[in-house]
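Right, one structure below, let's go through it.
Quick note: the coordinates plus some simple rules give every number you see, no bench work behind them. Owing to the predicted nature of the structure, the values given are computational and were not obtained by experimental measurement. So basically every Cβ, Gly included, is an ideal-geometry build from the backbone, and we count neighbours across all protein chains shown.
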Amino acid sequence: MANQAEFPVQVLCRVLKVSRSAYYAWSQRKPSARQQENTQLIEEIRIIHAESDATYGMPRIRAELMEQGWAVSRRRVARLMRLQGLRGVCRRRYQVTTRRDLRQPPAPDLVKRQFVADEPNQLWVADATFVPTGAGFIYLAIVLDVWSRRVVGWAIGESLVTELMLDALNMALEQRQPENVIHHSDQGCQYTSFAFSNRCKAAGVKLSMGSVGDAYDNAMAESFFASLECELLDRRSFKSKSDARLAVFTWIEAWYNPKRRHSSLDYVSPIHFERKHLQKNDIQPDDSLYESEGLILGTMDSVLPSIHADLQNNFISVSN
């Protein structure tokens, strides 16, 4: 005890009205099994919280613990996190960046806010956002599979133009090779453009668009960007555009797709969810679709330097 160095044991016992034998029995008592387990739990919680870049709250940390074999309640995890001053991050409202072109008629709304899919490549949602840097803005466009919440297509560019959305779409088409997939977005002019609609028609993609200015009509895509902003963009500042590109790339391909636990997927990651589905249906997964897992499973240090060099040379900046 810290006070023992300042006051004799005899004085402490007199003040606390306990016998010296009782004091020594208490001071020499071994931690209970519960206390020892809590000590181990706290260490695991701190590791999981740190590995999530301090973004995970109680539900995701508990899911990680249970996957490791811990049988813990929500209340217990919350209490231990509170004792350690650990908490997750909270999302804020996503800001719309696309603008409608009144000259181009939008596609009908085939989704009607029913963001549900029973199989892969049944329904995709798409949107774009901006990323501020010390050298100006860059823009990110994504295509997300509603079934697994996986980002199946994305592109980063210097301006919010149709080519940016096309690059994200083409990545999704090449990676997933869908049949009759619905592509749902807002009524931004990039999505209503002739170039975008013609590409979708040629690929057999059915266009769907929500109403103007209603976040709920494209809620899933906007939810993704809200997570990106609160977990990455709101917590970091980027001096250069290449630094921002690298951070966004890493967050999507090395964290969100392969590792980040999703509440609507029973707290597994999008790639984990897809793999479980394939295994359940005795389907051999195409390893080329899961290359991003290698970034997490031990190759990150060797991969990132070459990626950074490519980014500086605008190799991954697909739109200027």
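In which sequence would Tyr23, Tyr216 go, from the one with the fewest C-beta neighbours within 10 Å to the one with the most?
Ordered by Cβ neighbours within 10 Å, fewest first: Tyr216, Tyr23.
Using a ≥ b ≥ c from the Cα gyration tensor of the range 115-243 (square roots of the eigenvalues), is it rounded, prolate or oblate, where a/c under 1.5 gives rounded and otherwise the larger of a/b and b/c decides, a/b for prolate?
prolate
Ratio to report: Rg/Rh of the range 3-84, with Cα atoms as the point set and Rh obtained by the Kirkwood method; give two decimals.
1.21
Using a simple spin-label model with points 7 Å from Cα along the Cα→Cβ vector, what separation in nm is obtained for Arg82 and Ser264?
Reported label-point gap for Arg82 and Ser264 is 3.0 nm.
Given a Förster radius of 41 Å and the C-beta distance between Arg113 and Val72 as r, what FRET efficiency does 1/(1 + (r/R0)^6) yield to the nearest 0.05?
FRET efficiency, Arg113 to Val72: 0.70.
Once amide H atoms are built 1.01 Å from N in the peptide plane, which residues 5 or more positions from Gly153, or in another chain, come under 5 Å H to H?
So Gly153 has HN proximity to Val143.
Taking the Cβ of each residue in Phe273, Phe130 as the centre, tally the other Cβ atoms inside 10 Å and list the residues starting with the fewest.
With the fewest neighbours first, Phe273, Phe130 line up as Phe130, Phe273.
Count the net charge of all other residues whose Cβ sits under 11 Å from the Cβ of Asn38, scoring Lys and Arg as +1 and Asp and Glu as -1.
0
What order, most packed first, do the peptides 145-155, 72-82 have when packing is the mean number of other Cβ atoms within 10 Å of each residue?
The most tightly packed comes first, giving 145-155, 72-82.
Give the lysines reachable from Lys30 as a straight Cα distance under 24 Å; neighbours fewer than 8 places away on the same chain don't count.
Those lysines meeting the cut-off are Lys17.
Can you work out ³J(HN,Hα) from phi for every residue in the range 32-37, in order, using Karplus 6.51 cos²θ - 1.76 cosθ + 1.60 and θ = phi - 60°, giving whole Hz and x for Gly and Pro?
The phi angles translate into 5, 4, 5, 5, 5, 5 Hz.
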